[in-house]
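We did not get these values from a lab; they are worked out from the coordinates using the rules stated. Predicted model, so just to flag it, every value in this text is computed and none were measured. Cβ coordinates were reconstructed from backbone atoms using ideal geometry, including for glycine residues, and neighbour counts include every protein chain displayed.
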Amino acid sequence: MAKHLDKFTRPFQNSAIPFALAEVLTNGRGEMVDVVCRFLNPAAAELLQIPAKEVQGRRLSQLGLTASLEALSPLQTVAFSGSSASFPCETAGGQALSVTCYQVMYGVVGCLLDPGGKAPGGGPPLPETVPAAVLELGRGGLRCSACNRGFCRLTGHSQKTLLRQGADTFSSLVLPEDWPALLQSLLDAAREGRNGDQDFRLLQGDGSAVWVNLQAELLSSRQGAAVFRGLFTDVDRLRRQEAALRTSLTRQETARRQAEALLDHLPVGFCLLRLRPDGGMETLRVNQALCQLLELPPELLAARLAEDPGGFVPADQREELLAAAVRARECQLPFHRICRVDSGAGPERTLSVHVVWEAQPDGSYLVSVTCSDVSQEAAADREYHIRAQLCDLLLEHTSLLTLDYDPQADLAQVQRYSPGGRRTSRTISSYLKSLSTAPALHPEDRRRLAGAIRRALTRPGTISCSYRADYEGTGWRQYQVSWMSLFDEHGDVCRLLGKAEDVTSRQAAAEHFRQLAARHRRQAKSVLASARLDLTANQTLDAKAASRYLLRTLFDRTADACLRRMAAAVPESEAQRQFAALFSPEALGAAFAAGSFQFSLDHPVAAGKSGTLRARTVAEIAENPDTLHLEVFFQLQDRRERDLQAALLEGLIQRPGTAVLTADAATGRCRGWGPAAERLREDTTCRSLAAWYFRQLPPSRERAALRRAVSLEAMLARLETAPAVELTLPAPDGSALRLRCARLEGLADTLLITCQQSPSAASLQG
């Protein structure tokens, strides 16, 4: 393998870019089990502060460079798919890195490292939709260290050939006449810390040259070397079109002189003026259409133009308009402006004014002015801009995508609005084809999204589809897209308009509501009383109590009446006042609007024959996703049982040799009690605690079975049928650890875990 990998490592042997080659190891199920470092250049070794000889050929699990292999999961996708990726990573020592990786051969990836948690140079990996390459400018010249398939197609060379030739010098791919200008452009960009922009002729594999435009984004500059990400655009056709355009303009100018006799028959206003060398103006010709526009006779119009051509423009625009016209004349450029014109003989009009200057041998200028009435168009344009600004205002700070798809050209215009108020626009060619490889789309949802578009092309109406995407680089989020078909005069679909909305928060809120309702039903039997109230509709949806007395006393048909009865059941006046202030409909609604969702209050409660009990009222507010009504879930808990549990827990903590933990059944987050509280970090989870435990054990055949047995998923599965789970585990010192896990009474989502050391031999028990 070393001989095969040498060609990929040669360009980075003495490079200032931190670079590594990694081989991904998988098990029989295709899951990544470890990563082997095959190469580490001096820049990467310096960045990681570890000698390269100590890393090369060794597994990361043996080196302990990262906290877990999960942080390196993108390497598996890149190693076996041929794609590229960029992701942040934190070493076991707490160093933040950004890793940009690409496949060099099957199962092996090349990794570009950059400190500070940013992608190398602050940008994403090479795109696949346009020709792109990574160029390194140093003392040895300009080298190509990476390129995509689009660049290979543009040059006609294979990636192997490009990396071999480009690693030595990129000049071999550039026409010699264009090389000095390209090199100077990149040197200036590197020195000034900006991006480069240069046109040059690129040599193709058959020896021909094609004009390209290089947009060179400066990624990094360190140790005398600058790294650019270059995007190459084929502008050969544009160059030919520019030459043809210049020829066409010459012909048009000749045709203009030949058409002077037809000026009076033009449908637009026209006048021909002469600007003398002394600054005076002469009117050579005005046509009838211009006289009609300004509602002036030809003689008067000619005189006013000769006196002051800018006199028709309102004073607030005149100075700026004349200054712009002078600049256009000095640059020998046509002048075009839409302005208001008032001749004094008719209403104010909005005219589109086009001015062409033609220098004469005697130092004068022939000035041809064409005018057309665009008053109606200007009014419509103002209305359009007002509506556009209103639309932007409505879309600002939303997570929304708008799509305009042309099926004939397979071209899509995409605008994305981020919650931060930022708007980005993209034009995507070969849109349907690009969906199958789009890195921002979840691989499992790409085909479904493409299928929805194809259905919208064949069926009238609106087609909806849900998919997962990562547009911000923050992880997969759920989107709901709707396509509307537009038809031409033949009844064929000519356009698709789409809207994709981020529904992650909405779905999360709906899932939270369902879990809250299920937990409310599950815990209703273990509390004194429970109720589900609809504050929006002022209804009592559900009410249960441990006794008929509490059921009659606390609840009524309306939510208002229930809250009043709950407050009246509190015997102490001060506690009753606190209850009414905290749990009134107005207070609950205001708290939800302010972002508060959970409330609790300890108070006495009159329980009939049981007398006055110490109780706690717990309330949680959520929005029903089906009705959009605000609902509150109440529970009246008996504090006597909680106090007894607390006393028992305190007694358990005091037992010598016993570690006591509580864990959240949903998230796995752990909290230590007693001596264990000081030893556990705030971010400790069941998974991280198990990983620490297995690192202390020597290798054994039972390790896999032990790992499955102590997982949170296995514990929860066994607790569905048993009140508690007890395991005997081996300790690193050869003794045994007795582990017990059970759900806390009254807190079904909280697990109580105790671990006690005993001298018995370690064995796994079910």
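Taking packing as the residue-averaged number of other Cβ atoms within 10 angstrom, the listed peptides 404-410, 102-108 run from highest to lowest as 102-108, 404-410. Out of [x] 102, 59, 53; [y] 102, 82, 56; [z] 113, 77, 51, which label holds the value of Cα extents along the principal axes in Å that was computed here? Evaluating Cα extents along the principal axes in Å on these atoms matches [z].
To the nearest 10 degrees, how steep is helix 159-168 against the longest Cα principal axis of the chain, on a 0 to 90 scale? For helix 159-168, the angle is close to 70 degrees.
Remark: the Asp236-Gln539 segment gains 101.9 nm on full extension, using 0.36 nm per residue and subtracting the alpha carbon distance.
Only one residue of Val55, Ala581, Ser185 has its Cα farthest out toward the positive end of the dipole of the chain, where Lys and Arg carry +1 and Asp and Glu -1 on Cβ, and that residue is Val55. For the chain, a simple Cβ point-charge model (Lys and Arg +1, Asp and Glu -1, everything else neutral) yields a dipole of about 3660 debye relative to the Cα centre. Subtracting the Cα-Cα distance of Ser430 and Glu472 from 0.36 nm times their residue separation leaves 12.9 nm of extension gain. Using only Cα atoms, find the angle between the long axis of helix 639-653 and the longest principal axis of the chain, and express it within 0 to 90 degrees, rounded to the nearest 10. The angle comes out at about 80 degrees. Residue-wise HN-Hα couplings along the stretch 204-213, as the Karplus relation 6.51 cos²θ - 1.76 cosθ + 1.60 with θ = phi - 60° gives them from phi, are 9, x, 8, x, 6, 10, 10, 5, 10, 10 Hz; Gly and Pro carry x. Protection proxy ranking of 275-286, 177-188, by the mean of other Cβ atoms within 10 Å over each peptide's residues and highest first, is 177-188, 275-286. May I ask you to derive the FRET efficiency for Asp342 and Arg423 from their Cβ-Cβ distance with R0 = 51 Å, giving the value to the nearest 0.05? The calculated FRET efficiency here is 0.85.
In the chain, helical runs assigned H by DSSP with n ≥ 4 each contribute -39500 (n - 2.57); averaged across all residues and rounded to the nearest 500, the mean residue ellipticity at 222 nm is -10000 deg cm²/dmol.
Tell me the net charge near Leu333. Cut-off is 13 Å between Cβ atoms, Leu333 excluded, with +1 for each Lys or Arg and -1 for each Asp or Glu. Spelling it out: positives minus negatives among the neighbours equals +1. The relative contact order of the chain, computed from alpha carbon pairs under 8 Å that lie at least 6 residues apart in sequence, is 4 percent.
Near Gln539, the amide H atoms lying under 5 Å from its own belong to Asp534, Ala559; only residues 5 or more places off or on other chains count, and H is placed 1.01 Å from N. Tell me the angle of helix 236-258 to the major Cα principal axis of the chain, expressed in degrees between 0 and 90 and rounded to the nearest ten. Taking the Cα atoms of the chain, the angle to 236-258 is about 40 degrees. Residues whose amide H falls under 5 Å from that of Asn41, counting only those 5 or more places apart or on a different chain, are Phe19, with hydrogens built in the peptide plane. Extension gain for the segment Asp492 to Glu320, taken as residue separation times 0.36 nm less the Cα-Cα distance, is 57.0 nm to one decimal.
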